[in-house]
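Some notes on the structure that comes next.
The values are calculated or read from the model by the stated rules, or taken from the named source; none is laboratory data. These figures come from a predicted structure and were not determined experimentally. Heads up, the Cβs are rebuilt from the backbone with ideal geometry, glycines too, and the neighbour counts pull from every protein chain shown.
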Amino acid sequence: MSTATFMDRCLAGDADLDDIGDFVGAWHEGAGPGMELDAFLGMSNEEYELWVEQPALLPAIVSAHRFGFRLVEAVKDLAAEPLAARALSPEDACSILNWLKATGRI
């Protein structure tokens, strides 16, 4: 596996969402020495925690990277981020908002 992160490879079209398990497995086998798993995947710590707790939101996390916005911040204030509102489905936004509330982030 190259040094490109899962997110880099997804955005380049060289990996599918289903490939994340291969990246996690490679990390557990020693790839990315000295890197935390979130960094190895190309996610912020908050994105990684969201993915671990809500795996179905991985497409929204990738979309946030594709469109260049911070997913968690965008959901906190969708009115101030019209691009985020277009990139997320209402269901994804609601799930993320509920997660933010449940984890005490807002």
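Couple of notes before you dig in:
- Candidates in region 69-106 are the residues that are touching an Asp or Glu at 6+ places or on another chain (Cβ under 8 Å) and at pLDDT below 70; of these, the one that is nearest to W51 (Cα to Cα) is A74.
- Criterion: touching a Lys or Arg at 6+ places or on another chain (Cβ under 8 Å) and touching a residue at least 24 places away in the same chain (Cβ under 8 Å) - qualifying residue of L11, L58, L41: L11
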